[in-house]
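Below you'll find the structure, written out as structure tokens, and then a few comments.
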Amino acid sequence: MNADLSAMIPWASIPWLVLFALYGLPLLHVALSRRGGGWRPPAGSRCPFGPRAGWLVMVLMLGPVGWLMFALRRPRRPSGR
């Protein structure tokens, strides 16, 4: 019986690796990225959360789709043309 249990231990860690890869790494990327925006809301905003917190919630709820939305968003153009 011990031989069967020891053979299953590597297989038991695969779901945890998948969860970490699909949710943990994107959350870490959004939290540490310079493109994530500020933690505080812009001046005059009625929302108590900043852009980065919003992106974190989107990635948390949507998983890889939310991360793709963050990664593929268009950069802002400078207003002084």
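The values are calculated or read from the model by the stated rules, or taken from the named source; none is laboratory data. Please read these numbers as outputs of a predicted model, since none were measured by experiment. Using ideal geometry, Cβ is built from the backbone for each residue, glycine included, and neighbour counts are taken over all protein chains shown.
When Arg35 is tested against the conditions (1) touching a Lys or Arg at 6+ places or on another chain (Cβ under 9 Å); (2) at pLDDT 90 or above, the lone failure is (2). For the subset of the stretch 38-53 comprising residues that are under 21 Å from Leu28 (Cβ atoms) and free of Cβ contacts under 8 Å to residues at least 12 places away in the same chain, which member is nearest to the chain's Cα centre (by Cα)? The selected residue is Phe49. From Gly54, Gly44, Gly66, Gly24, which residue is modelled with pLDDT of 90 or more and not in a helix (DSSP H, G or I)? Answer to the selection: Gly44.
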